[in-house]
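The structure appears right after this line, and notes come after that.
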Amino acid sequence: MTAKTYTPPKVWTWDKESGGRFASINRPIAGATFEKDLPVGKHPLQLYSLGTPNGVKVTILLEELLAKGHKGAEYDAFLINIMEGDQFSSGFVDINPNSKIPALVDLSTTPATRVFESGSIMLYLAEKFGEFIPKDLTGRTECMSWLFWQMGSTPMLGGGFGHFYAYAPEKYEYPINRYTMEIKRQLDVLDRQLGQREYLAGDQYSIADMAVWPWYGALVKNKVYEAAEFIEAHTYTNVLRWTDQIAERQPVKRGRIVNRTWGEPESQLHERHDASDFDNRTQDKLEG
């Protein structure tokens, strides 16, 4: 079927009724829409987030750092409900002018340090605690290459494939075909790399794996977009091996439920302020 064609106007105007799952929170301007301070907890690190793949990257890293014994990585994780517009509060915009989750404030520095963009937060924490980045220049560079690969590639997965395949109000062949081709190419890139190495940057588990896993691991295990059959996820055997391997890590099982507000009750921890917050959730009940 031939899709309707669209002729762009000379000057674009915002159509608030454009539809789609996230239409109510998308807008062409920045800045706060209402005044509200952010809550502050008792720990050095204050995280404001939601349990989406971008948020999960950071909570996994924080839980991995705590498992390594870094007490300075204790954190309070406050929920930012993006569907309700929490990201447009004056307090949140002060720490992330881009109004996207996650955002972090490090109160252990003077003055306090704000960090936004998930990749930047991961790099900041890994360098602060000296973990999950190879120490040698070659290994570090490889790790950074895969971290930035994720930051550059995933918008094609989320805003591209995910939007047009799962969330757009109408399904059109061209954008779905275009983004499906790119996502299968990206999965092939990962599969070839993981066919040669245990982890993305080599033999060491690193922030590169923590950044890529919540997106591409969820995709091949059919936990986002319900597209595993459509993209023939079963053919990416190395990605699946790596996905399952990381999913078995206890810090990953903890980090993936922080600020999560959907799914089974035992797979949700809306806010995290202490390790004891996990006590009522046994690890064998968490999603595998």
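The values are calculated or read from the model by the stated rules, or taken from the named source; none is laboratory data. Model, not experiment: these values are computed from the prediction. Here the Cβ positions follow ideal geometry from the backbone for every residue, glycine too, while neighbour counts run over all protein chains shown.
Among the residues of the stretch 100-114, what is the count of those that are of a type in the set (A, V, I, L, M, F, W, C) and either more than 14 Å from GLY55 (Cα to Cα) or in contact with an Asp or Glu (Cβ under 7 Å, 6 or more places away or on another chain) (or both)?
Residues in the stretch 100-114 being of a type in the set (A, V, I, L, M, F, W, C) and either more than 14 Å from GLY55 (Cα to Cα) or in contact with an Asp or Glu (Cβ under 7 Å, 6 or more places away or on another chain) (or both): 3 in total.
Do the conditions hold for LEU66, that is, is it within 17 Å of the chain's Cα centre (by Cα), among the hydrophobic types (A, V, I, L, M, F, W, C) and not in a loop (DSSP other than H, G, I, E, B)?
no
Give the stretch 141-157 a look and list any residue that's surrounded by fewer than 18 Cβ atoms within 10 Å (Cβ to Cβ) and over 29 Å from PRO44 (Cβ atoms), or say none.
Matches in the stretch 141-157: THR141, SER145, GLY152, PRO155, MET156.
Can you tell me which residues in the stretch 235-245 are among the hydroxyl-bearing types (Ser, Thr, Tyr) and surrounded by 17 or more Cβ atoms within 10 Å (Cβ to Cβ)?
Correct list: TYR236, THR243.
Does LEU190 count as part of a helix (DSSP H, G or I), within 19 Å of the chain's Cα centre (by Cα), of a type outside the set (Gly, Ala, Ser) and within 14 Å of TRP146 (Cβ to Cβ)?
For LEU190, the condition - part of a helix (DSSP H, G or I), within 19 Å of the chain's Cα centre (by Cα), of a type outside the set (Gly, Ala, Ser) and within 14 Å of TRP146 (Cβ to Cβ) - is met.
Taking the stated definitions as given, is TRP215 under 30 Å from ALA23 (Cβ atoms), among the hydrophobic types (A, V, I, L, M, F, W, C) and part of a loop (DSSP other than H, G, I, E, B)?
The answer is no for TRP215.
Checking the condition in contact with a Gly (Cβ under 7 Å, 6 or more places away or on another chain) and polar (S, T, N, Q), which residue from THR59, THR154, THR113, THR141 passes?
THR59
Residues checked against (1) of a type in the set (Lys, Arg); (2) over 30 Å from ASP136 (Cα atoms); (3) in contact with a Leu (Cβ under 9 Å, 6 or more places away or on another chain); (4) exposed (fewer than 15 other Cβ atoms within 10 Å of the Cβ):
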position	(1), (2), (3), (4)
TYR179	no, yes, yes, no
LYS184	yes, yes, no, no
LEU200	no, no, yes, no
ASP209	no, no, yes, no
PRO214	no, no, no, no
VAL224	no, yes, yes, no
ALA233	no, yes, yes, no
ALA247	no, no, no, no
GLN250	no, no, no, yes
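Here's the yes/no breakdown for (1) within 18 Å of PHE78 (Cβ to Cβ); (2) surrounded by fewer than 18 Cβ atoms within 10 Å (Cβ to Cβ); (3) at pLDDT 95 or above:
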position	(1), (2), (3)
ALA103	yes, no, yes
LEU107	yes, yes, yes
THR110	no, yes, yes
VAL115	yes, no, yes
ILE121	yes, no, yes
LEU125	yes, no, yes
PHE132	no, no, yes
GLY139	no, yes, yes
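Regarding PRO251, is this residue part of a helix (DSSP H, G or I) and either over 22 Å from GLY160 (Cα atoms) or not assigned by TED's automatic domain parsing to the domain that holds THR141 (or both)?
Yes; evaluated as a whole, the condition is true for this residue.
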